[in-house]
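*Asks:* Once you've had a glance at the structure underneath, I'll fire off some questions.
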Amino acid sequence: MKVVVHVGPHRTATTSIQSLLAASRSVLAEVGVWYPQCHTGATAHHVLAWKVLERDLAPLGASNDSRTARETLEEWIAEARSNDCATLLLSSEDFAVLRDFGWHSLRSTCDEATSWKLVATRRDPTEIAESSYSHLLLNGLAQEWNAVSGILAQGSRDFYEYLEKLQRFEAWCDVSTVGYCDDSEVFLRKIVAA
């Protein structure tokens, strides 16, 4: 089994990609790629990332989901196998928050023959900060740009530094980055080719 995880980060067209992947489930399955449907009806796999992070699932509408992260991943792997798919494709920008312990937790669910590939979108951290700030303003943020810009940009810088560490020093996964673009279909082709 190959597990491919689209890890975002936030503000890199993840929602568009997830919607396209969800709408293409049957086409993906025909070519051996399983993009599981979440019990919440979401197009992304935030519930798995949140379970690893031990977050409250209520904001995702999954407060009744008592399965562990391990059980959820095992179920999706079983679905992939039962549908003759050799690749399990997951996507959530919340995977960008995971670090060594979280990834180890997910990997321990799988046998050693499972290969892992993390795919991230490369976008300038300042652009991510600007996009995040605009989104937060629409949702009621009252702070000035200068008060939050450094914090917003630092999160994506930390994420990209962690990915570089994985690329250089970790043998358990293959890491690919693709450039950010606004056309989700072009972007999806890049993710699949990465």
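The values are calculated or read from the model by the stated rules, or taken from the named source; none is laboratory data. The structure presented is a predicted model; accordingly, all values stated were derived computationally and were not measured. Don't worry about glycine lacking a Cβ; one is built from the backbone with ideal geometry, like all the others, and counts go over all protein chains shown. Quick note on the areas: whole protein, heavy atoms, side chains included, nothing else; ligands and nucleic acids left out. Shrake-Rupley method; radii C 1.70, N 1.55, O 1.52, S 1.80 Å.
*Asks:* Can you give me the C-alpha center-to-center distance between the range 11-42 and the range 99-119, rounded to a whole angstrom?
*Replies:* After rounding, the separation between the Cα centres reads 20 Å.
*Asks:* Could you look at the chain and say what percent of its accessible area is carbon and sulfur, using a 1.4 Å probe and all protein chains?
*Replies:* Values: 4900 of 9900 Å².
The value for the chain is 50 percent carbon and sulfur by accessible area.
*Asks:* Same structure, new question: Over the chain, one equal point on each Cα, no solvent: what is log10 I(q)/I(0) by the Debye formula at q = 0.12 Å⁻¹?
*Replies:* Once normalised to I(0) and log-transformed, intensities are -0.60.
*Asks:* For the chain, set up a GNM with springs between Cα atoms under 10 Å and report which of Gly179, Gly140, Gly41 has the largest fluctuation.
*Replies:* The residue with the greatest mean-square fluctuation here is Gly140.
*Asks:* Further question on the same structure: Net charge near Thr14: determine it from the other residues with C-beta under 10 Å of the C-beta of Thr14, scoring Lys and Arg +1 and Asp and Glu -1. Numbers along the way, then the final one.
*Replies:* On the way: positive: Arg11; negative: Glu93, Asp94.
Within the 10 Å Cβ shell, the charges total -1.
*Asks:* Under 5 Å between amide H atoms, partner at least 5 residues away or on a different chain: which partners does Ser91 have, H built in plane at 1.01 Å?
*Replies:* Those qualifying (amide H under 5 Å, at least 5 residues apart or on another chain) are His6, His45.
*Asks:* Any idea what % of Cα-Cα pairs in the range 10-97 are farther than 22 Å?
*Replies:* Cα-Cα pairs of the range 10-97 separated by over 22 Å account for 24 percent.
*Asks:* Send over a whole-number figure in Å² for the accessible area per residue of the range 9-162, probe 1.4 Å.
*Replies:* Working: 7750 Å² over 154 residues.
Per-residue value: 50 Å².
*Asks:* May I ask you to derive the relative contact order of the chain, considering only C-alpha pairs under 8 Å and at least 6 residues apart, and to give it as an integer percent? Can you show the working numbers first?
*Replies:* On the way: 273 pairs, mean separation 61.9, N = 194.
Reported relative contact order: 32 percent.
*Asks:* How far is it, in nm, from the label point at Phe169 to the one at Val148 when both lie 7 Å from their Cα along the line to the Cβ?
*Replies:* Between Phe169 and Val148, the label points sit 3.3 nm apart.
*Asks:* What is the Rg over Rh value, at two decimals, for the range 80-188, using alpha-carbon atoms and the Kirkwood definition of Rh? Don't jump to the answer; show the numbers that get you there.
*Replies:* Details: Rg = 16.8 Å, Rh = 16.2 Å.
In the range 80-188, Rg relative to Rh is 1.03.
*Asks:* Using DSSP to define loop residues, name the trypsin sites (Lys or Arg not before Pro) in the range 90-194 whose beta-carbon has at most 14 other beta-carbon atoms within 10 Å.
*Replies:* Numbers: sites: Arg99, Arg107, Lys117, Arg122, Arg123, Arg157, Lys165, Arg168, Arg189, Lys190; in loops: Arg99, Arg123.
Here the sparse-neighbourhood loop sites are Arg99.
*Asks:* If you take the beta carbon distance between Lys117 and Thr15 as r and set R0 to 22 Å, what does 1/(1 + (r/R0)^6) give as a FRET efficiency, to the nearest 0.05?
*Replies:* Details: r = 21 Å, r/R0 = 0.97.
So the FRET efficiency works out to roughly 0.55.
*Asks:* I've got another one for you. Output ³J(HN,Hα) for the range 52-68: one whole-Hz value per residue in order, computed from phi by the Karplus curve 6.51 cos²θ - 1.76 cosθ + 1.60 with θ = phi - 60°, and x for Gly and Pro.
*Replies:* After applying 6.51 cos²θ - 1.76 cosθ + 1.60, I find 4, 7, 6, 8, 5, 7, 4, x, 8, x, 10, 5, 8, 7, 8, 5, 7 Hz.
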